[in-house]
Amino acid sequence: MQPVLKLSLLPSGHSHQVDHGSYKVLLTNVDGVVYAVESKCSHFGLPLKDAALSGHRLRCPFHHACFDVRDGRQLEAPGLDGLLTFTTEVKNGEIWVSDDPSPASKLSFAPASAPKENTHYDYAIVGGGIAAANAVEGIRETDETGSIVLLTRESLPPYDRTHVSKALLDGNKEVDDLPLRPADFYTEHGVDLRTNSIVSEVNVEQNTISILGGQFLTYGKVLLASGGTPRHLDVPGNSLGGVFLMRRAQDAEAVREKVTKGSNVVIIGAGFIGLEAAMSLGKQGGSITVVSPETTLFVKVFGEEVGRYIQQLHENEGVKFELGRRIKELHGEQNITAVELDDGRTLDAEVVLVGIGVEPETSYLVGLAADKDGGISVNNHLEAGMAKVYAAGDIARYPDREGAARIEHWKVAAQQGRVAGRNMAGNREAYTMIPFFWTNQQGVNLRYIGHGTDYDKIVYDGTPGEGPFLAFYTKGEHVQAVLGVKRDKDVAAIGELIFAGKMVDFDDLVGADWNSLL
């Protein structure tokens, strides 16, 4: 052990990062007890120096993974693992920390790998996204030996889809870099990972699964985590070469190969994926035009002022916009050459990227009625209205603090998968996470906590385009959601206050010292 800090410099309720050998260690004081964890989030390895500390909960300021400082255990996604921990002692007014850390808790290996081509499984997971990956972890936390099959239509194990429209598209990552766990992980933990498997039917009354090609399985419990299917552009010419949807890793790889310096790229749709793609393909040298029927970007979610700010970020980098416009037709012989707008004008295009949203993929279900939008309603244990059936991720409509919600975001899907997995294995854990998402728009990170369903006012602390700011989306005097730009530490603290039900009064929102309120 070595002394690293005077106790007087770490009052109760505070944290302090220190260098300790080859580690950066985050010290926390919770009610007079000092804890130490590696200051390195298990998600992207980013520092926890500015994390929000609320009791024993530590919230990463970047992507809002949450941990318990007592044992490093991960409490909320993203990321899959906990934190390294160090033993501490207080001697003569100094904090001493052990030289070597204790490893983060790991899943136990199943005694034997699941036999390939089994026909019955204790647990079946339909889908290969982040919810599915976390469900495996959740099941194995409680049940070390139950048989699991994971069915994904993709050729990869579950991977980090947040990279598809960013690092993969701009060339900073390759497809092989994306899996969250290697394929061997699933084998070692007794999971029959079946890639390239398209589920044609799940009959929840008969507990059966049919796979395209003739395979037939039965299960004890099933998790529906099939995510969304990209909407297709229904106009003449939509099948021309050079027209791409953006959902899978291979989609980004194919688009990236087509775009070089000076390539005319038209992106149809101005959502988060479309604009992240505009940023990434601009880095590849493409000449980018974004077409959308909206007249202001993200106006329903963020409001006009933030929408104009985001548009300016992109225009500063050379992106052009055709807002308030729809696509009439795509032109070309075999390959795309031009995009015709609804006002008769045409845009030259060698590549067209369609990003007009997704629809819940639940067409395979038999015996369970979907909602009008194709989603599946669940209770707060993520049970889908009948025994042995659970749903998580993009398809799940769950009881949120602001009312029933179906949210298509990474952290939500990840945490729902973990909770659903635990509950499938016998727990009775309620899903209580505050929704959170982030997006990178031309190098500016926007972080959004909560769920602004029907806000009637936006309160600003700071001004978009003039520096760091917070935007509070309120209904009456109730804060539904908060957007932060360059206020990461504050957004993390706000997330913990909302989680604990301790949000400040409406009149105190502007200028609040958020971390002092934890």
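The values are calculated or read from the model by the stated rules, or taken from the named source; none is laboratory data. Computed from a predicted model, the values in this text were never measured in an experiment. Cβ coordinates were reconstructed from backbone atoms using ideal geometry, including for glycine residues, and neighbour counts include every protein chain displayed.
So the check is Cβ under 7 Å with 6+ separation or different chains; which pairs have a first residue in region 421-436 that's within 15 Å of Ala135 (Cα to Cα) and a second one that's polar (S, T, N, Q) and assigned to a loop (DSSP other than H, G, I, E, B)?
Between residues of region 421-436 that are within 15 Å of Ala135 (Cα to Cα) and residues that are polar (S, T, N, Q) and assigned to a loop (DSSP other than H, G, I, E, B), the close pairs are Ala430/Asn380; Tyr431/Asn380.
Within region 369-418, track down each residue that is of a type in the set (A, V, I, L, M, F, W, C) and under 15 Å from the mean Cα position of the chain (by Cα).
In the first step, residues of region 369-418 are kept if they are of a type in the set (A, V, I, L, M, F, W, C); the result is 369-370, 376, 378, 382, 384, 386-387, 389, 391-392, 395-396, 404-405, 407, 410, 412-414.
Across region 369-418, the qualifying residues are Ala392, Ile395, Ala396, Ile407, Trp410, Val412, Ala413, Ala414.
Mind checking which residues of region 141-157 are under 18 Å from Glu76 (Cβ atoms) and surrounded by 24 or more Cβ atoms within 10 Å (Cβ to Cβ)?
Result: no residue meets the conditions.
Can you run down the residue pairs with Cβ atoms below 9 Å, 6 or more apart or on separate chains, where the first is in region 479-491 and hydroxyl-bearing (Ser, Thr, Tyr) and modelled with pLDDT of 95 or more and the partner is surrounded by fewer than 23 Cβ atoms within 10 Å (Cβ to Cβ) and part of a strand (DSSP E or B)?
Note: no pairs meet the criteria.
Name the pairs whose Cβ atoms lie under 9 Å apart, with the first residue in region 310-331 and touching a residue at least 40 places away in the same chain (Cβ under 8 Å) and of a type in the set (Phe, Trp, Tyr), the second in a helix (DSSP H, G or I) and buried (at least 19 other Cβ atoms within 10 Å of the Cβ), and 6 or more positions between them or separate chains?
These pairs meet every condition: Phe321/Gln311; Phe321/His314.
For region 180-220, give me each residue that is within 21 Å of Ala391 (Cβ to Cβ), assigned to a strand (DSSP E or B) and more than 25 Å from the chain's Cα centre (by Cα).
Residues satisfying the conditions are Ser200, Glu201, Val202, Asn203, Thr208, Ile209, Ser210, Ile211, Leu217, Thr218, Tyr219, Gly220.
Filter region 419-458 down to residues that are among the aromatic types (Phe, Trp, Tyr) and more than 14 Å from the chain's Cα centre (by Cα) and give me whichever is farthest from His64 (Cα to Cα).
First pass over region 419-458, keeping only residues among the aromatic types (Phe, Trp, Tyr): 431, 436-438, 448, 455.
Narrowing the set further to residues that are more than 14 Å from the chain's Cα centre (by Cα) leaves 431, 455.
Numbers: Tyr431: 16, Tyr455: 23 Å.
The residue in question is Tyr455.
With the requirement that a residue be touching a helix residue (DSSP H, G or I) at 6+ places or on another chain (Cβ under 9 Å) and surrounded by 23 or more Cβ atoms within 10 Å (Cβ to Cβ), what does region 250-267 give you? Write out each step before concluding.
Just the residues of region 250-267 that are touching a helix residue (DSSP H, G or I) at 6+ places or on another chain (Cβ under 9 Å), to begin with: 250, 252-253, 255-256, 259, 263, 265, 267.
Scanning region 250-267 gives Ala252, Val255, Val259, Val265, Ile267.
Filter the strands (runs of 3 or more DSSP E) completely within region 425-474 down to those with at least 1 residues that are surrounded by fewer than 14 Cβ atoms within 10 Å (Cβ to Cβ) and at pLDDT 95 or above.
Numbers: elements: 436-441, 444-450, 457-461.
Ranges flagged: 444-450, 457-461.
Just one of Val358, Val378 is at pLDDT below 95 and within 18 Å of Ala131 (Cα to Cα); which is it? Outline the logic, then answer.
On the way: Val378 fails: at pLDDT below 95.
So the residue among Val358, Val378 that is at pLDDT below 95 and within 18 Å of Ala131 (Cα to Cα) is Val358.
Would region 198-207 turn up any residue that is of a type in the set (Gly, Ala, Ser) and farther than 30 Å from His43 by Cα? First the steps, then the outcome.
Taking region 198-207 as the starting set, the residues that turn out to be of a type in the set (Gly, Ala, Ser) are 200.
Then drop every residue that is not farther than 30 Å from His43 by Cα, which leaves 200.
Scanning region 198-207, I find at least one residue that is of a type in the set (Gly, Ala, Ser) and farther than 30 Å from His43 by Cα, so the answer is yes.
Conditions: (1) in contact with an Asp or Glu (Cβ under 8 Å, 6 or more places away or on another chain); (2) touching a residue at least 60 places away in the same chain (Cβ under 8 Å); (3) within 21 Å of Glu174 (Cβ to Cβ); (4) surrounded by fewer than 22 Cβ atoms within 10 Å (Cβ to Cβ). Arg247 meets all but one. Number of the miss?
(1)
Looking at region 309-325 only, could you name the residues that are part of a helix (DSSP H, G or I) and surrounded by fewer than 16 Cβ atoms within 10 Å (Cβ to Cβ)? Working first, answer last.
Filtering region 309-325 down to residues part of a helix (DSSP H, G or I) leaves 309-315.
Those that are part of a helix (DSSP H, G or I) and surrounded by fewer than 16 Cβ atoms within 10 Å (Cβ to Cβ): Gln312, Glu315.
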